[in-house]
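Q: Okay, handing you the structure first.
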Amino acid sequence: MISIKQLTTWHSMRRATMLVLFLLTVSVMPSQGQDTVLPIDSLHKAGLPKTAELADSNYRLAVFTNIDKKSSEEFEPDLVSVYIFDVETKAFRKLFTTTKSDEVAWYFPHGSESMPCQLKDIHAVYTAHVVPYEKKIVIDGCFDMRNIFSYLIDVDTNEVKHLPTNCGLIGFTPEEGYIVMGSYAYNNAVDEEGEIIGGRHTVMSVFNVDGECIKMIDFEE
């Protein structure tokens, strides 16, 4: 088995490859940057751990992640808490802390239907990104040593949708702020004898800010 560090590196390389492919078809919004001035000292007094890191921010929202406890097992994710600061209202709170999964999902297929879930269903956090123009975030994490599980969270209502993808966030479209996600899928091609050739290919899915899939690009076709 590979380690968390190896898996993270592998997914980073795969995400970079998918981004290059996607740039051939649509422009993707770059990182929103960290140019919003945040009252870090005040946030620490309000309960933000000094070990927390700013994951992403824009003019409306800032999201922080903190590793509360490093995993004692090489192949298990850390215990992570996510904190939200509303730049407009100045409200600050802890959004959730990851929980331990009771099961392992070795293959999570891509699809078009997001699945409603709860904050307690999030078992790992690697990255957190603010959705442009919205008070929503996308969380990526892996707890099965293979697939990236992604969640769209409305921070005002705590509504959570599990996005039907398995390779994480690629970026956002620059005009609409649509969410661009990556997945792998198994090939359906067969040889001359009708046997499945095997292997995998890339699938890219575009979701609106409500978690509805509005476009899918399958690179096997």
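The values are calculated or read from the model by the stated rules, or taken from the named source; none is laboratory data. Keep in mind it's a predicted model, so treat the numbers as computed, not measured. Because the Cβ atoms are built from the backbone with ideal geometry, glycine has one as well, and the counts that use them run over all protein chains shown. Surface accessibility is based on the protein's heavy atoms, side chains included, excluding ligands, DNA and RNA. Shrake-Rupley method; radii C 1.70, N 1.55, O 1.52, S 1.80 Å.
Q: VAL82 fails exactly one of the following numbered conditions: (1) surrounded by fewer than 18 Cβ atoms within 10 Å (Cβ to Cβ); (2) under 23 Å from VAL37 (Cα atoms). What is the number of that condition?
A: The failed condition is (1).
Q: So, in segment 141-166, exactly how many residues are polar (S, T, N, Q) and more than 27 Å from THR89 (Cβ to Cβ)?
A: 3
Q: A follow-up question, please. Would you point out the residue of segment 36-77, among those that are in contact (Cβ under 8 Å) with a residue 12 or more places away in the chain and acidic (Asp, Glu), that is nearest to SER101 (Cα to Cα)?
A: Result: GLU76.
Q: Check segment 173-183 and report whether any residue there is touching a Lys or Arg at 6+ places or on another chain (Cβ under 8 Å) and on the phi < 0 side of the Ramachandran plot.
A: Looking for residues that are touching a Lys or Arg at 6+ places or on another chain (Cβ under 8 Å) and on the phi < 0 side of the Ramachandran plot, one finds at least one in segment 173-183, hence yes.
Q: Further question: Keeping to segment 91-150, report how many residues are modelled with pLDDT under 95, polar (S, T, N, Q) and closer than 25 Å to TYR178 by Cα.
A: Number satisfying all stated conditions: 2.
Q: Examine segment 165-180 for a residue that is in contact with a helix residue (DSSP H, G or I) (Cβ under 9 Å, 6 or more places away or on another chain), closer than 23 Å to ILE67 by Cα and not in a loop (DSSP other than H, G, I, E, B), and state whether such a residue exists.
A: From segment 165-180, those in contact with a helix residue (DSSP H, G or I) (Cβ under 9 Å, 6 or more places away or on another chain) are 167-171, 180; that's our starting set.
Still in the list and also closer than 23 Å to ILE67 by Cα: 167-169.
In the following step, the residues that additionally are not in a loop (DSSP other than H, G, I, E, B) were identified as 169.
Looking for residues that are in contact with a helix residue (DSSP H, G or I) (Cβ under 9 Å, 6 or more places away or on another chain), closer than 23 Å to ILE67 by Cα and not in a loop (DSSP other than H, G, I, E, B), one finds at least one in segment 165-180, hence yes.
Q: I'm checking my understanding of the structure. Among residues of segment 130-162 that are of a type in the set (D, E, K, R) and either within 14 Å of GLY211 (Cα to Cα) or touching a Gly at 6+ places or on another chain (Cβ under 7 Å) (or both), which one is least open to solvent (accessible area, probe 1.4 Å)?
A: Applying the filter and picking the extreme gives ASP140.
Q: Is it the case that some residue within segment 194-206 is at pLDDT 95 or above, touching a strand residue (DSSP E or B) at 6+ places or on another chain (Cβ under 6 Å), surrounded by fewer than 22 Cβ atoms within 10 Å (Cβ to Cβ) and of a type in the set (Lys, Arg)?
A: Scanning segment 194-206, I find no residue that is at pLDDT 95 or above, touching a strand residue (DSSP E or B) at 6+ places or on another chain (Cβ under 6 Å), surrounded by fewer than 22 Cβ atoms within 10 Å (Cβ to Cβ) and of a type in the set (Lys, Arg), so the answer is no.
Q: Could you tell me which numbered condition ASP210 fails, if it satisfies all but one of (1) in contact with a helix residue (DSSP H, G or I) (Cβ under 6 Å, 6 or more places away or on another chain); (2) of a type outside the set (Lys, Arg); (3) open to solvent by 20 Å² or more (accessible area, probe 1.4 Å)?
A: (1)
Q: In this structure, does THR65 turn out to be crowded, with 16+ Cβ neighbours inside 10 Å and hydroxyl-bearing (Ser, Thr, Tyr)?
A: Taking the combined requirement at face value, the residue satisfies it.
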